[in-house]
Amino acid sequence: MKRFQWPLQRLLNVTRQRELARRAELLGLFREMARVRQEIVHRKRIILVSLNELGRHALQERIPRQEVVMSCSAVRQKEIDRLQERLEAMESELRQKTDQFIKTKKVRENLEKMRERAKQTHLREQLKLEQKALDESAHVSFARRPGSRADR
């Protein structure tokens, strides 16, 4: 039987590789977003801890320290805002990469369906050819048999 060769196999292989690469990009982006979120939570926690610690002191000790704590908190809040903006940009990038991944996945799935149909067609054609060859050899062997109708 003739071996099945699909002309678009290389395109399918490249599409599979693209899908894997885009999946890896998405995973990396998810990890980076999680890291940024943890950093935001960590910085917010630092602000809360410093404000709670300031609140534990007596009023005479609190007033001189309050200015320092508030300026440090403002700086930390600016860092948090910057991280929030970065997170929003990453979410936008995530949507774009997800769309690309979905498109690539659909292309791969369609190519795989096309390949399977072509393989089934090839198999049917090969079986027809094999059956035709068997029929032909059966006719020839019948015709060569002594006492067959072809001899008369």
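The values are calculated or read from the model by the stated rules, or taken from the named source; none is laboratory data. Note that the coordinates shown come from a computational prediction; the quantities given were computed from them, not determined experimentally. Virtual Cβ from ideal backbone geometry, glycine too; neighbours counted across all protein chains shown.
Determine whether residue 20 is of a type outside the set (S, T, N, Q) and within 20 Å of the chain's Cα centre (by Cα). Against the criterion (of a type outside the set (S, T, N, Q) and within 20 Å of the chain's Cα centre (by Cα)), residue 20 qualifies. Of the residues making up segment 106-137, those that are exposed (fewer than 12 other Cβ atoms within 10 Å of the Cβ) and of a type in the set (Gly, Ala, Ser) are 133, 137. In segment 44-60, the residues that are exposed (fewer than 11 other Cβ atoms within 10 Å of the Cβ) never reach a residue that is of a type in the set (A, V, I, L, M, F, W, C) and in a loop (DSSP other than H, G, I, E, B) with C-beta atoms less than 9 angstrom apart, at least six apart or across chains. Yes or no: segment 6-16 includes at least one residue that is among the β-branched types (Val, Ile, Thr), farther than 30 Å from residue 105 by Cα and surrounded by 13 or more Cβ atoms within 10 Å (Cβ to Cβ). Checked segment 6-16: no residue is among the β-branched types (Val, Ile, Thr), farther than 30 Å from residue 105 by Cα and surrounded by 13 or more Cβ atoms within 10 Å (Cβ to Cβ).
Looking at the structure I just gave you, is residue 100 surrounded by fewer than 13 Cβ atoms within 10 Å (Cβ to Cβ) and within 31 Å of the chain's Cα centre (by Cα)?
On the way: surrounded by fewer than 13 Cβ atoms within 10 Å (Cβ to Cβ): no; within 31 Å of the chain's Cα centre (by Cα): yes.
When the stated conditions are applied, residue 100 does not pass them.
In the condition set (1) modelled with pLDDT under 95; (2) surrounded by 13 or more Cβ atoms within 10 Å (Cβ to Cβ); (3) more than 30 Å from residue 15 (Cβ to Cβ), residue 87 is compliant with all but (1). The residues of segment 113-141 that are without any contact (Cβ under 8 Å) to a residue 12 or more places away in the chain and among the charged types (D, E, K, R), listed by number, are 113, 116, 117, 124, 125, 128, 132, 135, 136.
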